[in-house]
Structure formats: C-alpha cells, structure tokens
Amino acid sequence: MTVKQWLKDDFEAGDLPLSSGETLNSARLHYHQIGELNAPKDNLILLPTYYGGAATGNHPWVGGASPLDPDRYCIVIPSLLGAGESSSPSNTRGQQAGPGFPAVTLYDNVMLQKRLVDDVFGGASIALAMGWSMGGMQALQWGCLFPEQVHAVLATCCTARCYPHNRVFLEGVKAALTCDQAFQDGHYRSPPERGLRSFGRVYAGWAYSQAFFRHELWRELGFGSVEALLRFWEEDHLAQDANNLLAVLDTWQRGDISDNPVFQGNYTAALATLTVQTRVMPSTTDLYFTAEDAQHDARQMPGASLEVLPSEWGHIAGGAGRERQSHQKILAAAHSLLSKRDP
C-alpha cells in the first residue's frame, strides 16, 4: 500500500437551516480525507464520528490490513456538529456561542454531510457508510434517506433511535455535569471542573460492562486499578468543553432516523426504507445501545443482517481499534459489504 496522508479541511456551508426551524449561522463541517475519488465516483467511504470523539478516533479503521484501503477508496470522516471540530458551542461567535448554540438533529448532520458529498465530491455514490455509536446512527440515517446513493451501511453498537432507557442514562451524566455551580447554566467563564470530572466518572460505569470490571479487563488498557481508569476518564473530559458535550448529548437524545420532514416521526416507515445492504453489530454487553433494541430495529430493515459482537467490553467493543477481537469482526463485516461491489 502506498503511504498516504490524512488531509484535514473545512466545508463552509453558510447559514444552515435546521429541522427545528432555527438557522445555524455560518455553518462549518470539519472533515478528514484520505485516498482519492475515482473517475466513476463510486469509491467513497463515509465514517461519521461518535459522541465525544474527534475525527482521528476513526483512523484505526483505515489502512494496514483493513479493507478500508486508501489506495482503493476515498475515505472521508465528517465531524459531528457540536463536538468541537465542526461548528460547535465552543467555536461559534455571537448569540449562538456557548449555551446559545441551536439544537441539532441526526437529520441536520446528515443533510450537511450530503452537501459536502455533493459539492466537494461531485455527488459521489457511497460504497459504505460506517460508524460506531452516534456514528452508526448517522450511517443508518444516510441509508434510509438516500438509498439510491448509498450502497451499504455498517452500524456498530447503536440503534436507529435513542430508546427510553438510553435517554435516562444520558440524563444521569448530564445531571452530573450541570449540577456543578461553576457551570452557571452554560455561561461559565472557566471550565466547570467538578462537573466534568463527575461526568467522566459516571460515564465510565456505563461505557464498559459489569464483566469488564469483574474480570479486570482494564488491565489490558494498561491501568493498574479501577481508580486509574476513572482518573483517565476524568482527564479526558476535562479536555472537552462542557457546552459541546451537552450539545451533542442533546442530538443523541433526540436521535431518531424518522424525526425529519421525510418520515415525520413514522419510525416503522423509516426502518422499512433501509433496503440497502445493512450490517447491524451490537455488543452482547452494551448497557445502553442494547443488543435487544438493535435486534428489534434490524428485524424491520429489509436489507439488514444482525451480527452480535460477543464481548465483555460493553459499548466500547464497537469502536475503531478499541478491542481486538471485535475490531477484527467489524473489519471482516466491512470487507464482506465492500466485496459485493468493488469499485
């Protein structure tokens, strides 16, 4: 494989109408790209980002022995609105800065990504839309909105909407952050450190499974104790902006591939449009995007097959390069989907 470098760029979209009726002023979509578009424009792979993750978080899916080969495919990672790289509370000026940032949905993210694909990549067909967690939700949204443009979808550790218990989990971590007096309803002058630390500690208990802690699998990550793992989660969240975390959390809680002008809340109809080849890959021990909920969704997608990841790593199993065995199964699924239509 020829050594290629990731290119980082911004798509300036101007004022972006949102599904809420509001407008995101001077919207900007940050993305990473590696590989080049071919002449038929049918070798594009789209890897939307996940909650709390930068575009680099998806890099481990690409290159090396992976079927996502930049010598064959043009691979693009668009960053979620609100997460700090694209337009977000932390980098928006004026009335939409901080807590004034407007509510954004999965639909809004995908429609902006659609403009990127059409304007920058000439309306290319998408060989694979693939993502973990919120990235998987976006991939599913792509599949149901644009089945003629998307050849295949791979969604790991996610569902097509935020189910009730998932929403309650998010209310818990949100409360841990916003109860810090320094948060000041989002108008903080310095980071609400206690809230961010609490957010990270609470989230860690949900990200992994009970078996992950019972069998001390945190040792495989290089931690000498559970406390060391929790401190890592604290430091990770101290590096993030509180309003960004809450903005994307709101997008997650609103997550529903039928919540848009096309399907108008008809979830069954939205699932029924997923006729493209779709692989749904939940983890057996995911505590909030549960395998049961994922199976319920997949049964209603005509093009879907369900492949459960047998893992003790909980939700983390579906991430790029997070857990070796699951990572290999995910790449094998990607190879299967791509091999059915080589560019």
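Residue count for the stretch 232-245, restricted to those that are within 15 Å of Y203 (Cα to Cα) and crowded, with 21+ Cβ neighbours inside 10 Å: 3. The listed residues are F121, F146, F101, F183, and the only one of them that is outside the structural domain of R72 (by TED's automatic domain parsing), crowded, with 17+ Cβ neighbours inside 10 Å and among the aromatic types (F, W, Y) turns out to be F183. For the stretch 226-245, residues that are touching a Phe, Trp or Tyr at 6+ places or on another chain (Cβ under 9 Å), among the hydrophobic types (A, V, I, L, M, F, W, C) and under 22 Å from N91 (Cα atoms) total 2. Checking the stretch 289-312 against the condition returns no match, with no residue being at pLDDT 95 or above, under 30 Å from W218 (Cα atoms), of a type in the set (K, R) and more than 16 Å from the chain's Cα centre (by Cα).
Working only within the stretch 284-343, note down all residues that are among the β-branched types (V, I, T) and touching a Gly at 6+ places or on another chain (Cβ under 8 Å).
Initial filter on the stretch 284-343 (among the β-branched types (V, I, T)): 284-285, 290, 308, 316, 330.
Of everything in the stretch 284-343, those that are among the β-branched types (V, I, T) and touching a Gly at 6+ places or on another chain (Cβ under 8 Å) turn out to be T285, I330.
When the residues of the stretch 36-62 are narrowed to those that are among the small types (G, A, S), at pLDDT 95 or above and part of a loop (DSSP other than H, G, I, E, B), which ends up farthest from S339 (Cα to Cα)?
Across the stretch 36-62, the extreme among qualifying residues is A54.
Checking Q264, Q210, Q277 one by one, the residue that is farther than 30 Å from P17 by Cα, more than 16 Å from the chain's Cα centre (by Cα) and assigned by TED's automatic domain parsing to the domain that holds L140 is Q277 and no other. Filtering the stretch 224-263 to residues that are under 29 Å from L140 (Cα atoms), hydrophobic (A, V, I, L, M, F, W, C) and either in a loop (DSSP other than H, G, I, E, B) or modelled with pLDDT under 95 (or both) leaves I257, V262, F263.
Return a yes/no flag: does the stretch 62-76 have any residue that is under 14 Å from the mean Cα position of the chain (by Cα), under 26 Å from G255 (Cα atoms), buried (at least 24 other Cβ atoms within 10 Å of the Cβ) and assigned by TED's automatic domain parsing to the domain that holds A155. Looking for residues that are under 14 Å from the mean Cα position of the chain (by Cα), under 26 Å from G255 (Cα atoms), buried (at least 24 other Cβ atoms within 10 Å of the Cβ) and assigned by TED's automatic domain parsing to the domain that holds A155, one finds at least one in the stretch 62-76, hence yes. Suppose the filter is over 30 Å from L68 (Cα atoms) and either in contact with a helix residue (DSSP H, G or I) (Cβ under 6 Å, 6 or more places away or on another chain) or modelled with pLDDT of 95 or more (or both); does A160 pass it? So A160 does not fit the description; no.
Yes or no, residue by residue, for (1) closer than 22 Å to D236 by Cβ; (2) hydroxyl-bearing (S, T, Y); (3) in contact with a helix residue (DSSP H, G or I) (Cβ under 9 Å, 6 or more places away or on another chain):
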{"site": "N58", "(1), (2), (3)": "yes, no, yes"}
{"site": "W61", "(1), (2), (3)": "yes, no, yes"}
{"site": "D108", "(1), (2), (3)": "no, no, yes"}
{"site": "M111", "(1), (2), (3)": "no, no, yes"}
{"site": "F121", "(1), (2), (3)": "no, no, no"}
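Within the stretch 245-262, residues that are in contact (Cβ under 8 Å) with a residue 12 or more places away in the chain reach partners that are in a helix (DSSP H, G or I) and of a type in the set (K, R) with beta carbons closer than 8 Å, at six or more positions or on different chains, in the pairs L246/K174; L249/K174; Q253/R167.
Residues that are closer than 18 Å to Y51 by Cβ and part of a strand (DSSP E or B) are absent from the stretch 112-126.
Which members of the stretch 72-111 meet the condition of being among the acidic types (D, E) and assigned to a loop (DSSP other than H, G, I, E, B)?
First, the residues of the stretch 72-111 that are among the acidic types (D, E): 85, 108.
E85, the sole residue that qualifies.
Filtering the stretch 183-227 to residues that are among the hydrophobic types (A, V, I, L, M, F, W, C) and touching an Asp or Glu at 6+ places or on another chain (Cβ under 7 Å) leaves A211, F212, L217.
Conditions (1) in contact with a Ser or Thr (Cβ under 9 Å, 6 or more places away or on another chain); (2) in a strand (DSSP E or B); (3) buried (at least 16 other Cβ atoms within 10 Å of the Cβ), marked per residue:
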{"site": "A269", "(1), (2), (3)": "yes, no, no"}
{"site": "T275", "(1), (2), (3)": "no, no, no"}
{"site": "R279", "(1), (2), (3)": "yes, yes, yes"}
{"site": "D286", "(1), (2), (3)": "yes, no, yes"}
{"site": "Q295", "(1), (2), (3)": "no, no, no"}
{"site": "P302", "(1), (2), (3)": "yes, no, no"}
{"site": "S311", "(1), (2), (3)": "yes, no, yes"}
{"site": "A317", "(1), (2), (3)": "yes, no, yes"}
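Could you look through the stretch 184-223, keep only residues that are among the aromatic types (F, W, Y) and in contact (Cβ under 8 Å) with a residue 12 or more places away in the chain, and pick out the one that is farthest from A317 (Cα to Cα)? Once the filter is applied, the top-ranked residue is Y188.
Tell me, yes or no, whether the stretch 87-94 has at least one residue that is among the β-branched types (V, I, T) and crowded, with 24+ Cβ neighbours inside 10 Å. Don't jump to the end; show me each part of the working.
Here is the first cut: in the stretch 87-94, the residues among the β-branched types (V, I, T) are 92.
Checking the rest, the ones that are also crowded, with 24+ Cβ neighbours inside 10 Å come to none.
Taking every residue of the stretch 87-94 in turn, none turns out to be among the β-branched types (V, I, T) and crowded, with 24+ Cβ neighbours inside 10 Å.
The values are calculated or read from the model by the stated rules, or taken from the named source; none is laboratory data. It should be emphasised that the depicted structure is a prediction, and the values quoted were computed from it without experimental measurement. Reconstructed Cβ throughout: ideal geometry from the backbone, glycine too, with neighbour counts over all protein chains shown.
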